[in-house]
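Structure first, then comments.
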Amino acid sequence: MDRNGADQHQFVWPDGYRAAVALTFDVDAEAVVLNVNEAYGRRPSVMTHQQYGPVTGVPRLLRILADRNVRATFLIPGFTAERHPAMVAAVQEAGHEIGHHGYLHEQLKGVAEPEERAFMERGLEALQRVAGVRPTGYRAPWRDTTERTLDLVAAYGFAYDGSLFDRDVPYRVATGSGPIVEICVSWALDDWEKYAFLPDPPMGSGVIERPSTVLQTWWEEIQAYEQFGGCCVLTMHPFLSGRPARALALAELIDRLLTRPAIWVTTLGEIAAHTARLEGPVERLSLPAPGRDTTPAAPVGAPRGGKT
Ligand SMILES: [Zn+2]
């Protein structure tokens, strides 16, 4: 490390960039609540709270992105795409990337393989039918994966997953169907923890943060990612970050980003394609299993020991 803590094992970004920032929007909308209980579909206040995203938030966010000529990644559950096809078309026409985010934003915890495959397939079919898109990227709803999720992501032909948490830079990971790219996320970079408040079903931290505080927090994060040469993935939800003062804070954040020539502001798809082209080592995901012989985890940049 140098005196500021920058890593020696620098990830190589293209075109002289030192770090990357991806603006990503999970258009969870009604799906995230309906997956808790479909009875919420008969609750107009709850549904319109979620519907704010595709109806009001996305158009505002698209204008902010267009004014700054920035491309983003929109992760869209299949149900959201079917219910809001005009929103999907607007995202597409603006040239943004569309990724897979389940069908009804399904929680994968405890789900059997046939069910997990069905969620994957229904999401793919919906995006194909509504948008004619076969996405290259997947992000698990709730960022919660099973032991088989990465295998399925590869088996269904995705180039990358964006649901894990163990790195600041993208890496290639082995699966049962060949390597894919993993682009990690962070709860600190998610607007859910900053803004989500819903009394029923209870969701979010229960704290509604001031947008100027979120702006300052994320700007500190981005500056640190720039120093460490990392990949900063901001996750936002249009029903949260599309509201007026929050959208203006995001616009200000993008304006600041665009003053930093060393930061590559791009989509997850571009980051994944670059990472695949680098042909770095393909790593094996290491999970602990008390009482069983497992592959030890190794720090980034260190030779990997043990069985692989
Ligand atoms: Zn989501």
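Brief remarks follow.
- Filter result (of a type in the set (S, T, N, Q), within 16 Å of the ligand (Cβ to nearest atom) and in a strand (DSSP E or B)) within the range 233-292: Thr235
- Conditions (1) closer than 24 Å to Tyr138 by Cβ; (2) modelled with pLDDT under 95; (3) exposed (fewer than 15 other Cβ atoms within 10 Å of the Cβ); number of the one not met by Pro202: (1)
- Among the residues of the range 69-86, some residue qualifies, meaning at least one is among the aromatic types (Phe, Trp, Tyr), within 23 Å of Val181 (Cα to Cα) and in contact with a His (Cβ under 9 Å, 6 or more places away or on another chain).
- Whenever a residue of the range 232-257 is over 19 Å from Ser186 (Cβ atoms), its partners that are within 16 Å of the ligand (Cβ to nearest atom) and hydroxyl-bearing (Ser, Thr, Tyr), lying with C-beta atoms within less than 6 angstrom and at least six residues away or across chains, give the pairs Phe239/Tyr52.
- Qualifying strands (runs of 3 or more DSSP E) (wholly inside the range 65-179; at least 3 residues being of a type outside the set (A, V, I, L, M, F, W, C) and either within 30 Å of Tyr40 (Cα to Cα) or more than 15 Å from the ligand (Cβ to nearest atom) (or both)): 97-100
- Qualifying residue in the range 36-54 (condition: among the β-branched types (Val, Ile, Thr), within 17 Å of Asp191 (Cβ to Cβ) and either touching a strand residue (DSSP E or B) at 6+ places or on another chain (Cβ under 9 Å) or more than 15 Å from the ligand (Cβ to nearest atom) (or both)): no
- Taken together, Pro211, Pro170 contain a single residue that is of a type outside the set (A, V, I, L, M, F, W, C), closer than 23 Å to Thr56 by Cβ, crowded, with 16+ Cβ neighbours inside 10 Å and in contact with a Phe, Trp or Tyr (Cβ under 9 Å, 6 or more places away or on another chain), which is Pro211.
The values are calculated or read from the model by the stated rules, or taken from the named source; none is laboratory data. Remember, predicted model here, so these are calculated numbers, not experimental data. Note that each Cβ is placed from the backbone with ideal geometry, even for glycine, and that neighbours are counted across all protein chains shown.
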